[in-house]
1. Take the residues in region 175-188 that are at pLDDT 95 or above and among the hydrophobic types (A, V, I, L, M, F, W, C), then tell me which one is surrounded by the most Cβ atoms within 10 Å (Cβ to Cβ).
2. Looking for something under 30 Å from Gly154 (Cα atoms), at pLDDT 95 or above and not assigned by TED's automatic domain parsing to the domain that holds Ser157 - is there at least one such residue anywhere in region 38-49?
3. Can you pull out every residue in region 4-24 that is assigned to a loop (DSSP other than H, G, I, E, B) and either within 17 Å of Ala189 (Cβ to Cβ) or touching a strand residue (DSSP E or B) at 6+ places or on another chain (Cβ under 9 Å) (or both)?
4. Looking at Asp158, Asp150, Asp130, which one is part of a helix (DSSP H, G or I), closer than 15 Å to Ala98 by Cα and either among the acidic types (Asp, Glu) or modelled with pLDDT of 95 or more (or both)?
5. Being of a type in the set (Val, Ile, Thr) and either in contact (Cβ under 8 Å) with a residue 60 or more places away in the chain or surrounded by fewer than 17 Cβ atoms within 10 Å (Cβ to Cβ) (or both) is the filter here; which residues of region 120-135 pass it?
6. Would you point out which residue out of Ala97, Ala107, Ala141 is touching a helix residue (DSSP H, G or I) at 6+ places or on another chain (Cβ under 9 Å), touching a residue at least 40 places away in the same chain (Cβ under 8 Å) and outside the structural domain of Arg18 (by TED's automatic domain parsing)?
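The values are calculated or read from the model by the stated rules, or taken from the named source; none is laboratory data. Model, not experiment: these values are computed from the prediction. Virtual Cβ from ideal backbone geometry, glycine too; neighbours counted across all protein chains shown.
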Amino acid sequence: MCTKRRCGVLIVDSDVVRVECQLRAGELACPSCQVSLAPWGHGRPREVRGDLGARLFVRPRRSRCSGCGVTHMLLPEAIWPRRADAARVIGSGLEIAALGLGHRQVAAHLGRAEGTVRGWIRRFRGQSEDVRRYFTVALVALADDPVMPDPSEGPLSDAVSAIAAAHRAAAMKWASMNTVSRWEFAGRAIDGRVLTCMPSAS
């Protein structure tokens, strides 16, 4: 069984062929020690719920650091670790909650269980200040003339606004970001930890 020290997650491009080429060329680095990752088999197949009834079938690539020996599961940016719903779906729920709607209304809109949506909102709200701070720092780094989002109704809304602003700045800098949703962008930036265990904004 994996432990935190022996197994990690790295969010990568959704293009499986591109990721495989990057992995075999040694272009993907270990988040812990920055040494190149190498192919190390695959994880078990997963089914993730998208929007409008879509289903995403994923068999994550597994990699191993040639330096520290830690294994990392490579997840496409469309999904987050330990979540049965796609990043876009969860993000849509958080955006609706940021407008002031309760979890029951959000769940009804998305067609998801109330308990599931309540969990998303609760987890995101619990670290919303860390999320806001992290993506505000990212916005400043990405934009030539950053425009800070106006304060809104509360911490959750402020965090959602900061992610959206950082994504807009990234899309202005790199045209390819226009094909990536803001929630896929957010997950890629912090290895899928939008709902859990935020890294420090340094």
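1. Among residues in region 175-188 that are at pLDDT 95 or above and among the hydrophobic types (A, V, I, L, M, F, W, C), the one surrounded by the most Cβ atoms within 10 Å (Cβ to Cβ) is Ala186.
2. yes
3. Those that are assigned to a loop (DSSP other than H, G, I, E, B) and either within 17 Å of Ala189 (Cβ to Cβ) or touching a strand residue (DSSP E or B) at 6+ places or on another chain (Cβ under 9 Å) (or both): Arg6, Asp13, Ser14, Asp15.
4. Within the list Asp158, Asp150, Asp130, the selection yields Asp158.
5. Listed by number, the list holds a single entry, Val131.
6. Ala97
One line per residue, one yes/no per condition, for (1) farther than 23 Å from Ser181 by Cβ; (2) surrounded by fewer than 13 Cβ atoms within 10 Å (Cβ to Cβ); (3) not polar (S, T, N, Q):
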{"position": "Leu23", "(1), (2), (3)": "yes, no, yes"}
{"position": "Pro39", "(1), (2), (3)": "yes, no, yes"}
{"position": "Arg44", "(1), (2), (3)": "yes, yes, yes"}
{"position": "Asp51", "(1), (2), (3)": "no, yes, yes"}
{"position": "Ala54", "(1), (2), (3)": "no, yes, yes"}
{"position": "Ser63", "(1), (2), (3)": "yes, no, no"}
{"position": "Trp80", "(1), (2), (3)": "no, no, yes"}
